[in-house]
Each structure stands twice: as structure tokens, then as C-alpha cells.
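A.B. asks: Dropping a structure here in C-alpha cells format, bear with me for questions.
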Amino acid sequence: MDKEYVGFAALPNQLHRKSIKKGFDFTLMVAGESGLGKSTLINSLFLTNLYEDRQLPEASARLTQTLTIERRGVEIEEGGIKVKLTLVDTPGFGDSVDCSDCWLPVVRFIEEQFEQYLRDESGLNRKNIQDSRVHCCLYFISPFGRGLRPLDVAFLRAVHEKVNIIPVIGKADALMPREAQALKQKIRDQLKEEEINIYQFPDCDSDEDEDFKRQDAEMKESIPFAVVGSCEVVRDIGSRPVRGRRYSWGTVEVENPHHCDFLNLRRMLVQTHLQDLKEVTHDLLYEGYRARCLQSLARPGARDRASRSKLSRRSTAEIPLPCCPCCPWPRRRS
Ligand code: GDP
């Protein structure tokens, strides 16, 4: 019998075609101190200029600046697949003299997206839910310090159960390869000590080809990714135009794996792990939020506590009571 007639064999193709047609929604958050190269890296990653209209505050204004959340959208296409990317930026993070609790707006923002999704999922039109949940947070760490600072630890602790964190060392051209390795090790140790969960790369399937397995292992070893960003195209490497940063002592190439981990980060975000980041957000992080919500509603007195909660801005009376602890559908009124 002709292979074409075996229905299941065509399933991956069918799903693939359906996904291509539909496209992907993906929300990426960038956080970290100002000046660590976040905007430059995003522009380099997606070959776009997402920050054309950005206005940088004066140094004096930064002393009292509070954190704001900004959303920008862009459509990118990779290998014929469209991704509707929403970028969530957090300007003002760590800029103020008093940074205590400055991460609260971020936590609130992430929870609000979960809350919106829960509300939509419990509503009538569940088919066309717009997924605005944050699927990944690139957290920028300074290359000039000796690891994570207290503010980094506080921020990561506050969000690690709500979003997939990918730690990134910005402006890695400030480090010698040996220094970069030492800083990476220090950060990995601190994350372990502080019990901060970052995004766990899934194990590679045993039937993957050797090349893929090698790339996957390399990628896992390079966390936190030490990256260099640049939108400038320099042409002094032979005759080939490359994006890089030119110095009197030579040129740092953004896409050269011997110079930084940019390619590894780009590959994982755009090509290999986009879907997994979405799945972990839905299956683990959102489910955790949903379970906490339902538990708090099921406990007597929880309504009062929830409405007093610092993070919950919406009245809990608006949240429909679940019909049982394991489903989101509202209880029928008798
Ligand atoms: P943001 O405030 O974190 O968004 O940082 P920007 O992307 O605006 O970068 C701040 C400054 O650092 C700009 O002058 C950039 O040209 C420069 N910059 C960005 N990325 C790098 C990098 O990887 N290495 C170096 N040396 N400078 C960078």
C-alpha cells in the first residue's frame, strides 16, 4: 500500500502545517540593570530596531526613577514559520537609589497575564484565547561584578516560580574567556545556593543525530550565556560583512561562537526551544498559579485574604468559584 494512505504517518506534517499557518505567539521579557546591552541584544537577535523611539532619562532622573513595563510587538519569520513576538521591557530596573521591592511591578505583571488567561479559559470563547503570558525572561547580569548582586537574587527569587528564567551575562566582551568561565561558574553556584530555579533544558532524545546532541550539550554548558550585542556591520574580517564591535585591538564578532554565546542563545530561543518554553509556561508555571488560585478559593476565609493581597488587584468576587479543586469552570448557581 502506498505510504500516503497511512493516515498517522502524515500527522507530524499536518500538525506542522497547521502551526505554520497559525503562527506562534511568544512573549519575551528582558530585565536587568540599565546599560547592560539589553536593547542592543534584542535588536541583534531579531535583526530589527525595536527601540527607535526610546528616550533615555538623564542621570539625575534615574536616581528616583521607578520601574515601568513596556510592551512592543514584532513579527519575525524563521524557516517559513511566523512568530508574533511581544517584547516586554522593564526600563528603570535597579536605577533608583532605593531599589527595595522594585521588582514588584514585574511580579504583578506576570501574575496579571496568568489571571487574564485563567479568566479567558473559564469564559465562553475558549477557542480564541490570546496568550499574553510571559514565556521567557532574559535576565541580564553585569560582567563587571563578582556574580549575582543582592538585587539580582531578590528579583530572581521573586519570579522564578512564575516564569522561565534564562540568565545572560551582558557585554561579555569586557571579559577574558577565563574570566567569563569563572563568572559563569560563580553564578551557577549562587543560583544553586539560593535555590533559584532557572529554565531547565529538556534532555535530548536518544534518537537525535550526533550533531544535534553535541550542539545541545554545548548549549547547556554555556549557561549563563555570555553575550555581545551590536547592530553595526563591520567588514574587516576578510571581506565578509559581520556584525560586531570594533576596538583598536581587534573586532569582537557577535556571531562567532569563539567570541561569545550569542549563536547558542539565538538558536535556542528562535529554533530549538521556543515551543518547550511555551509548554513549560503552560504545563508547569501556569498550572502552579492556577492551583494556588483554586486552593486559596477553596480555603475558608481565603477570599478576604486574597482581596487584601498586595499582588492581587482584581477583586476575588470576580473570580468564578471552581466546581471542584481540579477544574477552572465556575460552579453552577443553584
Ligand atoms: P540597555 O539600557 O540595557 O538597553 O543597554 P543598551 O542596549 O542601550 O546599551 C547601552 C550601551 O552599551 C550602548 O552604548 C551600546 O552600544 C553598548 N553596548 C551594547 N551591547 C554591548 C556589548 O555587548 N558590549 C559592549 N562593550 N557594549 C555594548
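Bear in mind these aren't lab numbers, they're just calculated from the coordinates by the rules spelled out. Owing to the predicted nature of the structure, the values given are computational and were not obtained by experimental measurement. Quick reminder, even Gly has a Cβ in these numbers, built from the backbone with ideal geometry, and neighbours come from all protein chains shown.
A.B. asks: Full-extension gain between R214 and S248, please, as 0.36 nm times their residue separation minus the C-alpha to C-alpha distance.
C.D. replies: Numbers: separation 34, 0.36 × 34 = 12.24 nm, distance 3.48 nm.
Gain on extension, R214 to S248, equals 8.8 nm.
A.B. asks: Once you put a point 7 Å from the Cα of E161 and another 7 Å from the Cα of Q185, both along the Cβ direction, what distance in nm separates them?
C.D. replies: Using points 7 Å along Cα→Cβ, the separation is 3.3 nm.
A.B. asks: Same structure, new question: How would you rank 148-160, 113-125, highest first, on the average number of other Cβ atoms within 10 Å across their residues?
C.D. replies: On the way: 148-160: 18.8, 113-125: 15.5.
Highest-to-lowest ranking by the protection proxy: 148-160, 113-125.
A.B. asks: On full extension of the chain, what length is gained from R235 through A291, given 0.36 nm per residue of separation minus the C-alpha to C-alpha distance? Before the final figure, lay out the partial values.
C.D. replies: Values: separation 56, 0.36 × 56 = 20.16 nm, distance 5.41 nm.
Stretched fully, the R235-A291 segment lengthens by 14.7 nm.
A.B. asks: For a bin width of 10 Å, list the pair-distance distribution of the range 133-192 built from all Cα-Cα distances, rounded to whole %.
C.D. replies: 22, 53, 22, 3
A.B. asks: Tell me, in nm to one decimal, what length is gained between D205 and R119 on full extension, where the rule is 0.36 nm per residue of separation less the Cα-Cα distance?
C.D. replies: Details: separation 86, 0.36 × 86 = 30.96 nm, distance 3.59 nm.
Result: 27.4 nm gained on full extension.
A.B. asks: If I model a spin label at T68 and T272 as a point 7 Å from the Cα along the Cα→Cβ vector, what separation in nanometres do I get?
C.D. replies: 3.8
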